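Q: Okay, here's the structure, questions in a sec.
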Amino acid sequence: MEGQIMPREKLLDKGAGALSNSELIAILLRTGIKGKDVLQLSEELLGYYGSLTALLSAEVNELLNTKGLGKAKAVCLKAALELGQRIFREMTEKTKVRLDEPEGVYHLCHDMAFMDRETVRVISLDSKLNYRGLNTVSVGLLDSSLLHPREVYKPAISRMAAAIILVHNHPSGDPSPSKEDEGVTSKIREAGETLGIKMLDHVIIGSGTFYSFAAGRTFKAEVAEK
């Protein structure tokens, strides 16, 4: 990095907004590895995952399997993601977004529109439909044979939730439900009835649009995505 301003010094001098995504990641990683400085490592990570959202949405075990990341670096990246999610949840709660409406679900999870891989999240709600938590339960193709109801309802049970909303994205940008999506919806809803936890909706996030199974139609997003 000879001749370059180090990311930390650049932040102090010009502010966080002046740094690129790779420079911000470099600050979190702190050090490089043999043959690569920290900025090169962060650029390679972003290139490998395809986007900042995809990188920071990766689970710790997945990060640990990424070349150049040890436990300390992987944990630091995951902690940064969690802080960002908590800030967003806090903002959502303060603005009193209605999560029993598809628009509110999109407002909470619109970052999924930028993810390069199909990701499944579960929103937990109490009996008054107040927000209790958001968990990622699967990353990869949505497959009814692989997505077990136990994994979907596990965070809801731990939060003593009365209801859930299933959310996943279509990286293609088209939120239209597939036969597989319909099968997953039925399977998860039936499991919820057995557990006494109501599945209110299954929302599919696309590019600028989203589909709600409860409403039975596609909506145009009104939340700014960038």
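The values are calculated or read from the model by the stated rules, or taken from the named source; none is laboratory data. Model, not experiment: these values are computed from the prediction. Every residue, glycine as well, gets a Cβ built from its backbone with ideal geometry; the counts of neighbours run over all protein chains shown.
Q: Among the residues of region 80-94, is there at least one that is modelled with pLDDT of 85 or more and buried (at least 17 other Cβ atoms within 10 Å of the Cβ)?
A: The answer is no, given that none of the residues of region 80-94 is modelled with pLDDT of 85 or more and buried (at least 17 other Cβ atoms within 10 Å of the Cβ).
Q: Kindly provide the set of residues from region 18-77 that are of a type in the set (A, V, I, L, M, F, W, C) and in contact with a Phe, Trp or Tyr (Cβ under 9 Å, 6 or more places away or on another chain), ordered by number. If you could, list the steps in order and put the result at the bottom.
A: In the first step, residues of region 18-77 are kept if they are of a type in the set (A, V, I, L, M, F, W, C); the result is 18-19, 24-29, 33, 38-39, 41, 45-46, 52, 54-56, 58, 60, 63-64, 69, 72, 74-77.
Selection gives LEU52, ALA54, LEU55, LEU56, ALA58.
Q: If GLU190 satisfies every condition in (1) over 15 Å from the mean Cα position of the chain (by Cα); (2) closer than 24 Å to TYR49 by Cβ but one, which is the exception?
A: Checking GLU190 against (1) over 15 Å from the mean Cα position of the chain (by Cα); (2) closer than 24 Å to TYR49 by Cβ, the one that fails is (2).
Q: Looking for whichever is touching a helix residue (DSSP H, G or I) at 6+ places or on another chain (Cβ under 6 Å), assigned by TED's automatic domain parsing to the domain that holds SER124 and touching a residue at least 24 places away in the same chain (Cβ under 8 Å) here; the options are ILE164, ILE157. Which one fits? Working first, answer last.
A: Numbers: ILE157 fails: touching a helix residue (DSSP H, G or I) at 6+ places or on another chain (Cβ under 6 Å).
Answer to the selection: ILE164.
Q: A further question follows. Pull out all pairs, ordered by first then second residue, where Cβ-Cβ is under 7 Å, the residues are six or more apart or on different chains, the first lies in region 106-117 and is in contact (Cβ under 8 Å) with a residue 12 or more places away in the chain, and the second is part of a helix (DSSP H, G or I) and buried (at least 22 other Cβ atoms within 10 Å of the Cβ).
A: Sorted first by the residue in region 106-117, then by its partner, the pairs are MET115/SER57.
Q: Among residues belonging to region 190-218 that are surrounded by fewer than 19 Cβ atoms within 10 Å (Cβ to Cβ) and of a type in the set (D, E, K, R), point out the one that is nearest to SER127 (Cα to Cα). Before you say what the answer is, go through the steps one by one.
A: Of region 190-218, the ones surrounded by fewer than 19 Cβ atoms within 10 Å (Cβ to Cβ) are 190-191, 193-196, 198, 207-209, 214-218.
Narrowing the set further to residues that are of a type in the set (D, E, K, R) leaves 190, 193, 198, 217.
Values: GLU190: 19, GLU193: 15, LYS198: 10, ARG217: 26 Å.
Restricting to residues being surrounded by fewer than 19 Cβ atoms within 10 Å (Cβ to Cβ) and of a type in the set (D, E, K, R), the top hit is LYS198.
Q: Look through region 127-141, keep the residues that are among the hydrophobic types (A, V, I, L, M, F, W, C) and assigned to a loop (DSSP other than H, G, I, E, B), and return whichever of them is surrounded by the fewest Cβ atoms within 10 Å (Cβ to Cβ).
A: Ranking the candidates gives LEU141 first.
Q: Applying the selection to region 185-215, what residues are of a type in the set (Ser, Thr, Tyr) and within 13 Å of PRO175 (Cβ to Cβ)? First the steps, then the outcome.
A: Filtering region 185-215 down to residues of a type in the set (Ser, Thr, Tyr) leaves 185-186, 194, 207, 209, 211-212.
Hits for region 185-215 are SER207, THR209, TYR211, SER212.
Q: Here's a follow-up. Has region 67-74 got any residue that is in contact with a Ser or Thr (Cβ under 6 Å, 6 or more places away or on another chain), of a type outside the set (Val, Ile, Thr) and either free of Cβ contacts under 8 Å to residues at least 40 places away in the same chain or not assigned by TED's automatic domain parsing to the domain that holds ALA113 (or both)? Spell out how you get there, then give the answer.
A: First pass over region 67-74, keeping only residues in contact with a Ser or Thr (Cβ under 6 Å, 6 or more places away or on another chain): none.
The answer is no, given that none of the residues of region 67-74 is in contact with a Ser or Thr (Cβ under 6 Å, 6 or more places away or on another chain), of a type outside the set (Val, Ile, Thr) and either free of Cβ contacts under 8 Å to residues at least 40 places away in the same chain or not assigned by TED's automatic domain parsing to the domain that holds ALA113 (or both).
Q: So, one more: Considering only residues that are touching a Pro at 6+ places or on another chain (Cβ under 7 Å) and without any contact (Cβ under 8 Å) to a residue 40 or more places away in the chain, look in region 189-212 and name the one that is farthest from LEU129 (Cα to Cα).
A: Top of the filtered list is THR209.
Q: Kindly indicate whether ILE164 is assigned to a strand (DSSP E or B) and hydrophobic (A, V, I, L, M, F, W, C).
A: Against the criterion (assigned to a strand (DSSP E or B) and hydrophobic (A, V, I, L, M, F, W, C)), ILE164 qualifies.
Q: Identify, please: which residue in region 158-177 is at pLDDT below 95 and surrounded by fewer than 16 Cβ atoms within 10 Å (Cβ to Cβ) and is, among those, farthest from the chain's Cα centre (by Cα)?
A: MET160
Q: Check LYS154 against each of (1) assigned to a loop (DSSP other than H, G, I, E, B); (2) touching a strand residue (DSSP E or B) at 6+ places or on another chain (Cβ under 8 Å); (3) among the charged types (D, E, K, R) and name the one condition it does not meet.
A: Tallying (1) assigned to a loop (DSSP other than H, G, I, E, B); (2) touching a strand residue (DSSP E or B) at 6+ places or on another chain (Cβ under 8 Å); (3) among the charged types (D, E, K, R), LYS154 fails exactly one: (1).
Q: Kindly evaluate GLU62 against the criterion of being under 22 Å from ASN21 (Cβ atoms) and either modelled with pLDDT of 80 or more or over 13 Å from the mean Cα position of the chain (by Cα) (or both).
A: Yes.
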